[in-house]
Amino acid sequence: MIELIYEEAEERMQKSVESLRVAFTKVRTGRAHTSLLDHITVPYYGSDTPLTQMANVTVIDSRTLGVTPWEKNMVSTIEKAIMDSDLGLNPASAGTLIRIPLPPMTEDRRRDLTRVVKNEAEGGRVAVRNIRRDSNTQLKNMVKDKDISEDDERRAHEIVQKMTDKYIAQIETILDEKEKELMEV
């Protein structure tokens, strides 16, 4: 019974850390990478379709992305979707290829993005702590229902706390790596 609580807590904490990693890929650094456009959706026959399902996204050089739509008539629609996104990019089409130059990041922009990243990491830490709270509540309810002893509960709390510490340390490591990447010129 206690093992189920451990497994559930571990699984949810892993998902929180993975969610943070995904959120960090959306934060732009100075280099071009294809995952930058992963969250962009394009209107396609009445429904919003992810850009990666409509076009081939490639890195042309360290500061330029290339988007080649599979349908030629979608070039202007994709271009408009990229312009309307929150990334602040200005695509330019040359025939069927859409070039997206990434402007160099200023020092102020780097600091702003560092603040955004720290906020995301704090959200991840809060999520992990909430999972710990839920697990501890389940354990307390088990003691109330006399399913486990108080000694078992105390040991289980320690194990859940160690698990929490482990995942918060992972979040800190991911945050440090992202901050270094952002401050790199």
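Miscellaneous remarks
- So residue 166, is it surrounded by 13 or more Cβ atoms within 10 Å (Cβ to Cβ) and under 21 Å from residue 6 (Cβ atoms): yes
- Close pairs from region 171-183: first farther than 12 Å from residue 111 by Cα and assigned to a helix (DSSP H, G or I), partner small (Gly, Ala, Ser) and modelled with pLDDT of 90 or more, Cβ under 8 Å, at least 6 apart: 171/121; 171/124; 172/121; 174/121; 175/121
- Those residues of region 110-146 which are touching a helix residue (DSSP H, G or I) at 6+ places or on another chain (Cβ under 8 Å) and farther than 30 Å from residue 87 by Cα, in sequence order: 129, 131, 132, 134, 135, 136, 138, 139, 140, 142, 143
- In the set (1) at pLDDT 90 or above; (2) outside any helix (DSSP H, G or I), the condition left unmet by residue 167 is number (2).
- Set 132, 110, 154: member being touching a Ser or Thr at 6+ places or on another chain (Cβ under 7 Å), closer than 30 Å to residue 15 by Cα and of a type in the set (D, E, K, R): 132
- Region 115-152 - residue that is without any contact (Cβ under 8 Å) to a residue 24 or more places away in the chain and aliphatic (A, V, I, L, M) and, of those, surrounded by the most Cβ atoms within 10 Å (Cβ to Cβ): 143
- Among strands (runs of 3 or more DSSP E) entirely within region 17-114, having at least 3 residues that are surrounded by 13 or more Cβ atoms within 10 Å (Cβ to Cβ) singles out 41-44, 55-61, 64-69, 97-101.
The values are calculated or read from the model by the stated rules, or taken from the named source; none is laboratory data. Bear in mind that the values here come from a model prediction, so they are computed numbers and not experimental data. All Cβ positions, glycine included, derive from the backbone under ideal geometry; neighbour counts span all protein chains shown.
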